[in-house]
1. Out of (1) open to solvent by 60 Å² or more (accessible area, probe 1.4 Å); (2) closer than 30 Å to Asp336 by Cα; (3) not polar (S, T, N, Q), the odd one out for Asp371 is which?
2. What number goes with the only condition from (1) in contact with an Asp or Glu (Cβ under 9 Å, 6 or more places away or on another chain); (2) at pLDDT below 90; (3) closer than 22 Å to Ile140 by Cβ that Gly107 does not pass?
3. When the stretch 83-128 is examined, which residues are found to be outside any helix (DSSP H, G or I) and surrounded by fewer than 16 Cβ atoms within 10 Å (Cβ to Cβ)?
4. In this structure, does Thr111 turn out to be within 23 Å of the chain's Cα centre (by Cα) and among the hydroxyl-bearing types (Ser, Thr, Tyr)?
5. Looking only at helices (runs of 4 or more DSSP H) that lie completely in the stretch 151-243, which have at least 3 residues being open to solvent by 60 Å² or more (accessible area, probe 1.4 Å)?
6. Can you find, within the stretch 384-402, the residue that is nearest to the chain's Cα centre (by Cα) among those that are in contact (Cβ under 8 Å) with a residue 24 or more places away in the chain, within 20 Å of Trp341 (Cβ to Cβ) and surrounded by 20 or more Cβ atoms within 10 Å (Cβ to Cβ)?
7. Filter the stretch 424-440 for residues that are open to solvent by 60 Å² or more (accessible area, probe 1.4 Å) and modelled with pLDDT under 85; which is nearest to Pro403 (Cα to Cα)?
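The values are calculated or read from the model by the stated rules, or taken from the named source; none is laboratory data. All of these numbers come straight from a predicted model, not from anything done at the bench. Methodologically, a virtual Cβ is constructed for each residue, glycine included, from the backbone with ideal geometry; neighbour enumeration extends over all protein chains shown. Only protein heavy atoms, including side chains, enter the accessible area calculation; ligands, DNA and RNA are left aside. Shrake-Rupley method; radii C 1.70, N 1.55, O 1.52, S 1.80 Å.
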Amino acid sequence: MKENFDEHSEELELVQRFEQMLGKNESAFFDLGDFELIIDHYTANFDYKKAILACDSAIAQYPFSSELKIDKAQLLAMAGNFEDALTLINEVADVEPDNPDVLLTRGIIFTQRGDYRDAIDHFKKALAFADDRDDIYFNIGLAYQTWGKFSSAIKYYKKCVALNIENEAAMQEVVYCMELTNSIREHLPFFEEFVDSDPYSSVAWFNLGNVYNKLSAYDKAIAAYDYATIIKPDFITAYNNMANAYVFLGEYTKAIEAFNAMLEHGDPSAEVYCNIGECYEKLKQWDLSRRYYQKSTDLDPEMDEAWFGIGVILDAQGKWYEAVHFFKKATELYNDSADYWIALAAAEYHVGHVVSALESYERAAEIQPGDKDIYLNWSIILFEQGNFDEATDIILNAIEIQPDEAELYYRACAYMLSAGKYREAYNYLENALILDFEKHKLLFEFFPELESQRALSRLIDQYRK
């Protein structure tokens with residue numbers, strides 16, 4: 001872990017030196033390997049403009065490096081400059097016509113341009129010259145996937161994984177394509193074969209665990225992850241996925257053990273502390289839950305999930321004034337979470353901040369307009385304040401967005417009856433009964449006294465099957 005940290009620090013120092021060079025408009029000498037690290041850094045962060053600038057600086061120092069020109073051609077394609085990319089790669093081809101990376105790069109350019117058939121032709125030609133074929137198979141799979149031909153994409157991703165089981169990108173994409181084609185179970189033997197042929201491969205067990213996860217076979221996934229961690233005790237991602245599988249099963253104590261194993265074998269992580277806090281929250285162990293949420297925010301003050309988690313604990317304990325503070329902090333850090341605004345609205349209402357509660361529900365509805373419960377809870381505040389018309393308007397707006405939600409029609413009926421608008425109420429009741437007759441009981445739960453109204457009962461009986 002220290003080695004990875006040192007490598008990351010070295011990379012950041014190189015990037016900082018390069019950016020200082022750009023800022024001062026000066027030239028500075030970098031080794032070819034240093035330039036590759038700088039280019040990779042910008043590429044990984046999708047900053048193609050700076051990656052291309054780094055390529056230009058590198059080519060100025062190493063003008064005979066075909067690898068740098070190939071890198072630049074690929075980056076130009078990623079940035080959408082297809083013609084410049086093709087011009088540059090053709091220059092390399094004139095000097096090194098048998099370089100397989102030329103064909104590979106042409107394929108990448110054509111894939112980016114949407115010329116998938118031409119891209120695949122170039123990739124297949126590259127196979128005849130390349131020693132490392134897994135990357136080419138990956139790119140063929142990616143071209144087919146982008147083209148929408150998922151079965152062909154699966155075929156070539158599998159070829160890639162068969163050659164290099166540690167190709168994480170290929171594993172992610174092949175499973176994604178299998179999900180799209182609903183064929184994961186059909187391809188399960190492909191992943192099982194890896195552990196059969198090499199039962200001491202931690203990666204093979206890990207990949208099999210991921211496939212079982214996708215099939216919701218969480219017990220089998222956990223067993224596979226367990227084998228992976230036995231073979232490789234510091235396999236952080238395997239512990240993480242194992243913990244998440246335990247969470248899906250509701251086995252929060254075992255999930256905590258797996259998350260703690262991550263901390264034992266790796267560096268402290270705000271995300272892991274937050275996950276442990278959530279597990280203790282599910283176990284209703286409020287003090288431990290808050291302690292880990294607090295550890296998370298101490299490590300990363302912008303960890304909105306942890307601030308929200310503390311709010312949830314306080315809310316569950318009836319400490320609504322305190323909960324409001326933490327829910328507000330969560331919404332400040334992440335303004336687009338409907339869950340955060342819903343929780344804040346409910347807590348605000350508990351402490352009598354009616355206007356703030358209404359504003360919070362309004363924001364939640366903007367974010368998640370398809371959630372009927374937001375409108376039901378938002379409108380009930382106005383109803384309880386005696387503002388029947390505004391409560392009704394909120395529900396009617398919701399009906400426009402979700403015209404098939406029977407519960408909204410029943411609530412509209414209830415509000416209209418309260419406002420004395422009987423004819424309109426009965427119209428909405430009829431629509432509700434047609435959509436879902438059984439939910440008419442919601443009306444009586446909301447207004448028990450309505451059950452004694454004969455006109456209402458007669459109308460309901462007409463739709464009784």
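1. It is condition (1) that Asp371 fails.
2. (2)
3. Of the residues in the stretch 83-128, the ones outside any helix (DSSP H, G or I) are 96-99, 114-115, 128.
Hits for the stretch 83-128 are Glu96, Pro97, Asp98, Gly114, Ala128.
4. Working: within 23 Å of the chain's Cα centre (by Cα): no; among the hydroxyl-bearing types (Ser, Thr, Tyr): yes.
For Thr111, the condition - within 23 Å of the chain's Cα centre (by Cα) and among the hydroxyl-bearing types (Ser, Thr, Tyr) - is not met.
5. Details: elements: 168-180, 184-197, 202-214, 218-231.
So the answer is 168-180, 184-197, 218-231.
6. My answer is Ala398.
7. Ranking the candidates gives Lys439 first.
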